[in-house]
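Undergrad: After the structure tokens below, expect a handful of questions from me.
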Amino acid sequence: MKKNLLLCAVFALAGTAWAAAPMPVVASFSILADLTREVGGERVDVVPLVGADQDAHVYQPRPADVKKLGAAKVFVVNGLGYEGWVSRLAKTSGFKGVNIVATQGVKPLQAGHDDHGHDHGGVDPHAWHDPKRVVQYVKNIEAGLAKADPAGRDYYRTRAAAYTQKVEAADAWAAKAFAAVPAAQRKVLTSHDAFAYLGDRYQIRFLSPRGVSTEAEASAKTVATLIRQVRQDKVKAVFVENMSDPRLIEQLSREAGVKVGGRLYSDALAGSAPANSYLGLFRTNVGAIVSALR
């Protein structure tokens with residue numbers, strides 16, 4: 001009898017330990033990893049392939065990344081053509097788990113023609129800069145985690161709802177902050193065209209020497225046109241990005257006679273606070289832009 005009770009206790013402890021083991025999840029880059037941790041909490045162990053202050057546009061999968069994905073139960077990607085290497089990596093790793101496309105159901109902006117007549121083609125993948133669209137990201141992540149881990153469905157639903165409230169509060173704060181700046185003054189120059197969704201949400205005009213990818217090279221003609229435009233439109237808000245080479249924007253700033261206002265976080269979280277979470281990134285960017293515009 002005592003032996004049977006002991007065995008039951010051992011199996012019960014083993015079951016508890018198994019249930020407590022977090023589900024292995026791989027996210028394509030740092031911003032998605034943070035959103036997934038917010039929804040998944042203690043039930044997930046999330047690893048980003050492209051980490052803080054790193055550029056997903058130029059990422060090249062490594063053997064260690066192939067191994068990570070092969071062992072994962074869930075793979076979270078942005079979609080909209082952002083990670084051109086995803087299909088190749090998933091095939092190489094033999095990934096058989098749940099694939100979450102965070103932008104599913106998100107209305108994308110067309111990259112189209114920029115202010116200088118250049119056709120970048122396709123859609124703009126940087127939808128996370130609009131918190132209203134991020135609410136859809138959160139819904140997709142919640143559904144995917146619940147599919148992979150049905151026992152955690154209620155847990156994920158509760159966390160997703162709580163985090164959505166935080167995202168909506170940040171959106172309301174930003175809308176109020178930008179409303180205090182006259183629409184004619186809302187002009188910002190950045191390293192590459194990553195903030196169109198922020199501009200779409202709060203009626204800000206973003207100028208950039210590059211297209212939607214940091215791999216795109218700015219021509220001398222584009223730079224010269226931007227310099228004239230910055231002078232003509234009296235653009236005061238000029239920023240570098242945390243994962244871009246600052247030399248081009250510094251040249252534009254120098255030749256146009258305007259001061260670089262600081263750093264924005266576009267495609268990656270920072271390695272330290274305050275921009276080491278999605279909400280921290282969003283509030284840091286909005287605060288810096290509003291300050292420069294005023």
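The values are calculated or read from the model by the stated rules, or taken from the named source; none is laboratory data. Source: prediction; values computed, not measured. Positions of Cβ are generated from backbone atoms using ideal geometry, with glycine treated the same way; all protein chains shown enter the neighbour counts.
Undergrad: For residues in segment 80-103 being of a type in the set (Lys, Arg) and assigned to a helix (DSSP H, G or I), which is surrounded by the most Cβ atoms within 10 Å (Cβ to Cβ)?
TA: Within segment 80-103, the match that is surrounded by the most Cβ atoms within 10 Å (Cβ to Cβ) is Arg88.
Undergrad: Additional query: Checking Asp114 against (1) at pLDDT below 95; (2) of a type in the set (Asp, Glu); (3) crowded, with 20+ Cβ neighbours inside 10 Å, only one condition comes out false. Which one?
TA: The single condition Asp114 does not satisfy is (3).
Undergrad: Applying the selection to segment 35-61, what residues are at pLDDT 95 or above and either charged (D, E, K, R) or closer than 17 Å to Lys147 by Cβ (or both)?
TA: Just the residues of segment 35-61 that are at pLDDT 95 or above, to begin with: 35-52.
Across segment 35-61, the qualifying residues are Leu35, Thr36, Arg37, Glu38, Val39, Gly40, Gly41, Glu42, Arg43, Val44, Asp45, Val46.
Okay, residues lined up against (1) among the aromatic types (Phe, Trp, Tyr); (2) under 24 Å from Val77 (Cα atoms); (3) crowded, with 22+ Cβ neighbours inside 10 Å; (4) outside the structural domain of Leu49 (by TED's automatic domain parsing):
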site: Ile249; (1), (2), (3), (4): no, no, yes, yes
site: Glu255; (1), (2), (3), (4): no, no, no, yes
site: Lys259; (1), (2), (3), (4): no, no, no, yes
site: Gly262; (1), (2), (3), (4): no, no, no, yes
site: Asp267; (1), (2), (3), (4): no, yes, yes, yes
site: Ala270; (1), (2), (3), (4): no, yes, no, yes
site: Ser277; (1), (2), (3), (4): no, yes, no, yes
site: Gly280; (1), (2), (3), (4): no, yes, no, yes
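Undergrad: If the Cβ limit is 6 Å and pairs must be 6+ apart or interchain, which residue in segment 90-104 that is closer than 17 Å to Met23 by Cβ pairs with which residue that is among the aromatic types (Phe, Trp, Tyr) and in a strand (DSSP E or B)?
TA: Pairs found: Phe95/Phe75; Asn99/Phe75.
Undergrad: Further question on the same structure: How many residues are without any contact (Cβ under 8 Å) to a residue 60 or more places away in the chain, of a type outside the set (Asp, Glu) and in contact with a Phe, Trp or Tyr (Cβ under 9 Å, 6 or more places away or on another chain) if we restrict to segment 26-43?
TA: So the answer is 3.
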